[in-house]
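Data first, discussion second: the structure below is written as structure tokens.
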Amino acid sequence: MELVINGLSKTYGNGVKALDNVSLTIPTGMFGLLGPNGAGKSTLMRILATLQEADAGTAMLGDINVLKDKEAVRKVLGYLPQEFGVYPRVSAYQMLDHIALLKGVTKGSERKDLVEALLQKVNLWEHRKRRIAGFSGGMKQRFGIAQSLIGEPKLIIVDEPTAGLDPGERNRFYNLLTEIGENVVVILSTHIVQDVQELCKNMAIINKGQLLFAGAPNDALSSIDGKVWEKTIVKEELERYSNTHHVISNKLVAGRPVIHVLADAPPEEGFVKTAPTLEDVFFSTITATTPVLA
């Protein structure tokens with residue numbers, strides 16, 4: 001099963017072009033969609049989740065026309081948006097049982113087995129009687145994954161899933177997504193480079209509605225291998241370096257900026273060649289000469 005997107009475009013009424021002729025082939029497994037806030041990621045996710053109309057283009061999930069046969073898509077879709085609402089007084093078990101009923105699991109014994117299995121899968125069985133409103137951020141996200149798995153989906157869309165999670169919850173969420181991604185198409189939309197680096201075999205970078213890169217993370221790293229140079233400077237020098245070099249990122253270490261510069265040869269004395277990271281790929285792809293604060 002793969003998702004094939006061709007020439008997808010969307011322009012809002014205010015003239016903002018959220019998607020500009022985007023074409024992607026997304027295979028089974030974890031696929032990372034990277035981009036800064038406002039890049040067009042959420043628009044793409046909403047279109048694929050049948051929540052928004054595209055202006056042009058096509059999207060096929062196997063033999064299902066995503067843009068035209070919305071009911072067929074919804075039967076095989078699991079969707080976890082960045083924020084999702086729950087009934088504040090309902091327990092995790094009750095809510096999951098209700099969602100399963102809405103998704104067509106009408107037989108009581110079958111629904112009971114399904115709900116119990118999903119709560120076990122996402123490690124929420126001990127909390128099944130608790131109100132979801134009292135869950136931590138990570139627990140809510142794991143519940144969101146549980147509801148997205150009802151109906152044995154073939155496509156799962158996860159939009160900015162780890163924002164606000166502590167490291168422990170984030171790791172548990174990573175493990176769960178990796179397990180799910182073994183058998184279905186999972187699109188992970190995020191601006192957090194680490195999410196993609198740790199989870200995804202394939203990725204794309206999108207910015208201002210345009211697709212800038214599509215391929216394996218290792219291929220992305222190879223594209224700038226040997227071209228990333230690092231130097232620790234004083235704050236007063238940052239503007240000069242930004243004006244004279246292709247500074248792709250800078251971050252403070254012990255109070256001093258450490259800059260990464262993209263160049264084919266040593267930019268000047270004091271620079272040290274450093275192994276590229278996916279963060280370097282991301283920043284060098286979405287920026288030209290404007291420095292990005294990390």
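The table below lists the values:
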quantity: Number of the condition not met by Leu221 [criteria: (1) out of contact with any strand residue (DSSP E or B) (no Cβ under 8 Å at 6 or more places or on another chain); (2) over 25 Å from Leu34 (Cα atoms); (3) surrounded by 14 or more Cβ atoms within 10 Å (Cβ to Cβ)]; calculated: (2)
quantity: Unique match (being on the phi > 0 side of the Ramachandran plot, loosely packed, with under 14 Cβ neighbours inside 10 Å and not small (Gly, Ala, Ser)) among Glu126, Glu160, Glu152; calculated: Glu152
quantity: Counted residues, the stretch 163-194 - those being buried (at least 21 other Cβ atoms within 10 Å of the Cβ) and in contact with a Pro (Cβ under 8 Å, 6 or more places away or on another chain); calculated: 5
quantity: One residue from Gly35, Gly40, Gly78, Gly62 being touching a residue at least 60 places away in the same chain (Cβ under 8 Å) and touching a His at 6+ places or on another chain (Cβ under 7 Å); calculated: Gly35
quantity: Set Thr11, Thr50: member being of a type outside the set (Phe, Trp, Tyr) and in contact with a helix residue (DSSP H, G or I) (Cβ under 6 Å, 6 or more places away or on another chain); calculated: Thr50
quantity: Single unsatisfied condition, Leu96 versus (1) surrounded by fewer than 21 Cβ atoms within 10 Å (Cβ to Cβ); (2) over 22 Å from the mean Cα position of the chain (by Cα); calculated: (1)
quantity: Meets criteria (touching a residue at least 40 places away in the same chain (Cβ under 8 Å) and at positive phi) for Gly226; calculated: yes
quantity: Members of the stretch 1-60 found to be over 19 Å from the mean Cα position of the chain (by Cα), surrounded by 17 or more Cβ atoms within 10 Å (Cβ to Cβ) and among the charged types (D, E, K, R), listed by number; calculated: Lys10
quantity: Output for the stretch 188-201, where each listed residue is more than 17 Å from Leu44 (Cα to Cα) and of a type outside the set (A, V, I, L, M, F, W, C); calculated: Gln194, Asp195, Gln197, Glu198, Lys201
quantity: Strands (runs of 3 or more DSSP E) contained in the stretch 1-94 and holding at least 1 residues touching a strand residue (DSSP E or B) at 6+ places or on another chain (Cβ under 8 Å) and acidic (Asp, Glu); calculated: 17-26
quantity: So Ala254, is it modelled with pLDDT under 90 and more than 24 Å from the chain's Cα centre (by Cα); calculated: yes
quantity: Residue within the stretch 91-114 that is at positive phi and either of a type outside the set (Gly, Ala, Ser) or touching a residue at least 60 places away in the same chain (Cβ under 8 Å) (or both) present; calculated: no
quantity: Qualifying residue in the stretch 267-283 (condition: over 12 Å from Thr232 (Cβ atoms), in contact with a helix residue (DSSP H, G or I) (Cβ under 9 Å, 6 or more places away or on another chain), modelled with pLDDT of 90 or more and exposed (fewer than 13 other Cβ atoms within 10 Å of the Cβ)); calculated: yes
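The values are calculated or read from the model by the stated rules, or taken from the named source; none is laboratory data. In this text the structure is predicted, and so the values were computed from the model without any measurement. Because the Cβ atoms are built from the backbone with ideal geometry, glycine has one as well, and the counts that use them run over all protein chains shown.
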